[in-house]
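Structure first, then comments.
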């Protein structure tokens, strides 16, 4: 997976949503901070990396779109 800047705002329905930080991992030795973010509207999860320069980047899938983990019930409804 590659990374995208500046972060994520658009969710699975193509709309801009609010994302809450639900977990942080500061144990990275290279000054990186990982944030697990949750979409308040859709329930999707994604991981955002905050570098030592304090700039966020989000993981991308094979299609070059932000990598989102959708809850199983949402995935069933959207397919």
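Annotations for the structure displayed:
- Residue 62-residue 26 FRET efficiency (beta carbon distance; Förster radius 35 Å; 0.05 resolution): 0.75
- Peptides 12-22, 38-48 ranked from most to least packed give 38-48, 12-22, packing being the mean of other C-beta atoms within 10 angstrom over each peptide's residues.
Read the figures in this text as sums done on the coordinates, not as results from a lab. If you're wondering where the values come from, they're calculated on a predicted model, not measured in any experiment. Positions of Cβ are generated from backbone atoms using ideal geometry, with glycine treated the same way; all protein chains shown enter the neighbour counts.
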